[in-house]
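K.L.:
The structure that follows is given in the form of structure tokens.
Taken together, the values in this text are just the output of simple stated rules run on the coordinates, not laboratory data. What you see is a predicted model, and the numbers here were worked out from it, not measured in a lab. Glycine gets a Cβ as well: all are built from the backbone with ideal geometry, and neighbour counts include every protein chain shown.
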Amino acid sequence: MSRPSRETRDEEYAAFVAARQTHLRRIAYAVCGDWHQADDLLQTALVKLYVAWPRLHRDGREEAYARRIIVRANIDEHRRPWRRERPGLDGHDPTAREELPLEERSAMFDALQTLPVMQRKTVLLRHWLGLSVEETAHELGISTGTVKSHTSRGIDKLQQALTHQP
Amino acid sequence: MLLREEIEQSFGAGPAHRPIEELVAKGRRRVRRRRAAGLGAALATVAVLGATYAVTAPGSEGSGAPPIATDPTSTPSGPTWEDDTPIRYVDGELQIRAGVVVHEHIENPFGYDPPKLSDALDLTYEGKRTWTLAESTRKGFGYTSSVPSNGWASFADWVADQVGTAVPGDDGWPDTLRLTNNGEVVASQGSEILQRTDDPRLGDSFAPPGTPTGAAVVLAAEDGVGYFVVWRVVDGELDVITTPPRDVIGATFQQLLTYARGQYANGEGLR
């Protein structure tokens, strides 16, 4: 059986990473809300991807594989920045939100980060990445019924959070 | 604005990425560790089976560059050469058997630190040209070989592929099973054994009588895919052989077992 050389593997892998790492890290960031943690998640996923590259590249499943590792990761809630103390008083000091890191975060993003992890993941996969209920269930390793309930509750909370934005 | 667009536009692209070369280097190291672990397990099995290390297919003779070392007619010093191997390690040094012709030698392809050793050799032994990769670790002597040019452009390419990827069929398969301290084979964390049989009678070419063996269909936690796997526990090491998912689609567990028995009966195996 002929297999690609290590150079070929490295070239193909590097091309994939160059093309998709920004998108994959945005997924990680949307899930965890912290660029450092997103970087760690991305690195973990991409190193595993390198190991599995021959069969995944052959089957065209590179991105799905990396994404699944990212969205299935256990998020370290203690590192999430919105749990840190913010300067000013929310709702009373309009400058407080502007002092968050320069990450172009919007009210929508902050509202997403207030959702419980699984609700956030299902909303992101269903309503941002456009996955079906079945695909989301497969991606997260949960039942379709659980996907539906998490998504429904997540959307409700998202709307409430956005409605009550200062 | 659609929710999808709102989310898409709700945050930026973040800071600069880490260098891709850093990822490649980490990936290579991870593969090398897996490769070394797989090689050790495979070779331990060969030793237990008492089989020879000679390749099964005939190699080409006398092709390529002139030899860089020809042996010797004299046998190197050290203990009696009991195994049918062209090379061995004695006291931390590579020894080449009398009569072996070395065409090319790549030292330490795994980049081990002492006392671990590794060597790759393009050699002719008993009239057969083989590409050989050997290592000496705390687990003992490991040895694998291939018929030259069997899918690789050059000896260097073959060595790079062996070092850079796991053993054939085992490069990157998700973890499905683990060995407990009690010697039981169970699903690895997060994975689920859907069907299982112990001692599936895969034959002596798979493992000698008395060796704990088994077969199962396991839903891997890593990618959520079901895999048909067979395993053997040799010298306290679990060796899991995984088959590609597309090879198992539509087959019953009994059909998979029959297929596996046939593969090991004809000497091809599942790797």
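K.L.:
At 0.36 nm per residue, minus the direct Cα-Cα distance, what do residue B:186 and residue B:199 gain on full extension? Give it in nm, one decimal, please. Working shown, then result.
P.N.:
On the way: separation 13, 0.36 × 13 = 4.68 nm, distance 1.45 nm.
Extra length from residue B:186 to residue B:199 when fully extended: 3.2 nm.
K.L.:
Between residue B:259 and residue B:5, what is the label-point separation in nm under the 7 Å Cα-to-beta-carbon projection?
P.N.:
Going from the residue B:5 label point to the residue B:259 one covers 4.8 nm.
K.L.:
Residues with amide H under 5 Å of residue B:129's amide H, sequence separation 5 or more or different chain, H placed in the peptide plane at 1.01 Å from N; which?
P.N.:
Counting only residues 5 or more places away or on other chains, the set is B:59, B:60.
K.L.:
Give me the one-decimal Kirkwood hydrodynamic radius in Å for the range B:198-245, with the sum taken over alpha-carbon pairs.
P.N.:
Final number for the Kirkwood radius of the range B:198-245 is 11.4 Å.
K.L.:
Can you tell me the FRET efficiency between residue B:235 and residue B:147 if r is taken as the Cβ-Cβ distance and R0 is 22 Å, rounded to the nearest 0.05?
P.N.:
0.20
K.L.:
Taking the Cβ-Cβ separation of residue B:29 and residue B:175 as r and a Förster radius of 22 Å, what is the calculated FRET efficiency to the nearest 0.05?
P.N.:
Calculated value: 0.80.
K.L.:
Along Cα→Cβ, 7 Å out, is where each label goes; now give me the distance between the ones at residue B:80 and residue B:22 in nm to one decimal.
P.N.:
Label at residue B:80, label at residue B:22, 5.7 nm between them.
K.L.:
Here's another thing I want to ask about it. Per 0.36 nm of contour for each residue apart, how much would the distance between residue A:132 and residue A:159 grow if the chain were fully extended, relative to their Cα-Cα spacing?
P.N.:
That works out to 7.6 nm of additional length.
K.L.:
Nearest 0.05, what FRET efficiency do residue B:91 and residue B:211 give at R0 = 25 Å with Cβ-Cβ as r?
P.N.:
Calculated value: 0.20.
K.L.:
When the convex hull of the C-alpha atoms of the range A:13-68 is computed, what volume per residue in Å³ does it have?
P.N.:
Values: hull volume 3.6 nm³, N = 56.
It comes to 65 Å³ per residue, whole-number rounded.
K.L.:
Among B:236, B:219, B:251, flag the residue with its Cα farthest along the positive direction of the charge dipole of the range B:181-266, charges on Cβ as +1 for Lys/Arg and -1 for Asp/Glu.
P.N.:
B:251
K.L.:
A further question on this structure: Considering every residue in A:52-63, what mean count of other chain Cβ atoms within 10 Å of its Cβ is obtained?
P.N.:
Taking all residues of A:52-63 together, the mean is 3.
K.L.:
Here is a follow-up. Under the rule a/c < 1.5 gives rounded, and otherwise a/b versus b/c splits prolate from oblate, where does the range B:78-138 land using the Cα gyration tensor? It would help to have the intermediate numbers written out before the result.
P.N.:
Values: a/c = 2.43, a/b = 1.28, b/c = 1.90.
Judged from the Cα gyration tensor, the range B:78-138 comes out oblate (a/c at least 1.5, b/c at or above a/b).
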